[in-house]
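The values are calculated or read from the model by the stated rules, or taken from the named source; none is laboratory data. Everything numeric in this text was worked out from a predicted model, so none of it was measured. Cβ: placed from backbone, ideal geometry, glycine included. Neighbour counts: every protein chain shown.
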Amino acid sequence: MTKRSWASRWIGVARGGGIAGISQGRSRIFLTDTSFRDYFGNPAPVVIWLNLDSKEEVDALHAAWVRNGADIQHPPESKPWSPLHEFVVRDPDGNVIRAFYNY
């Protein structure tokens with residue numbers, strides 16, 4: 001893996017674009033590259049909210065993505081004004097993933 005490619009792998013599709021899958025336990029999300037989104041008229045950036053089951057899952061996912069060179073925008077923190085624990089990461093296309101647990 002390169003420093004910025006924290007997604008598991010790119011899967012080519014007939015339209016010439018690609019899809020990256022990210023999984024954690026039984027949860028899975030897919031992101032598409034720019035050419036795939038252009039085909040559907042959905043330009044970057046987009047924001048994806050990933051709701052996890054616990055603070056520990058949020059911290060573990062953060063640690064795993066840091067080990068793989070993810071572009072972390074905000075490290076994990078519990079918000080003082082809300083029962084929320086989250087971190088924010090940006091993918092190579094500029095999309096934002098907000099991984100959180102709302103306890």
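Numbers below:
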{"item": "Test: residue in region 25-36 that is modelled with pLDDT under 75, touching a Leu at 6+ places or on another chain (Cβ under 9 Å), surrounded by 12 or more Cβ atoms within 10 Å (Cβ to Cβ) and farther than 25 Å from Ser82 by Cα", "result": "no"}
{"item": "Residue check for Trp65: part of a helix (DSSP H, G or I) and free of Cβ contacts under 8 Å to residues at least 60 places away in the same chain", "result": "yes"}
{"item": "Tally, over region 68-103, of residues that are outside any loop (DSSP other than H, G, I, E, B), among the acidic types (Asp, Glu) and within 20 Å of Ala44 (Cα to Cα)", "result": "1"}
{"item": "Every pair of residues 6+ apart whose Cβ atoms lie under 7 Å, when the first sits in region 28-49 and is in a helix (DSSP H, G or I) while the second is of a type in the set (D, E, K, R)", "result": "Thr34/Asp93; Phe36/Arg15; Tyr39/Arg15"}
{"item": "Those residues of region 50-103 which are in contact with a strand residue (DSSP E or B) (Cβ under 7 Å, 6 or more places away or on another chain), loosely packed, with under 15 Cβ neighbours inside 10 Å and among the small types (Gly, Ala, Ser), in sequence order", "result": "Ser54, Ser78"}
{"item": "Where Asp53 falls short, out of the listed (1) touching a Gly at 6+ places or on another chain (Cβ under 9 Å); (2) assigned to a strand (DSSP E or B)", "result": "(2)"}
{"item": "Hits in region 73-103 (condition: within 8 Å of the chain's Cα centre (by Cα) and of a type in the set (Phe, Trp, Tyr))", "result": "none"}
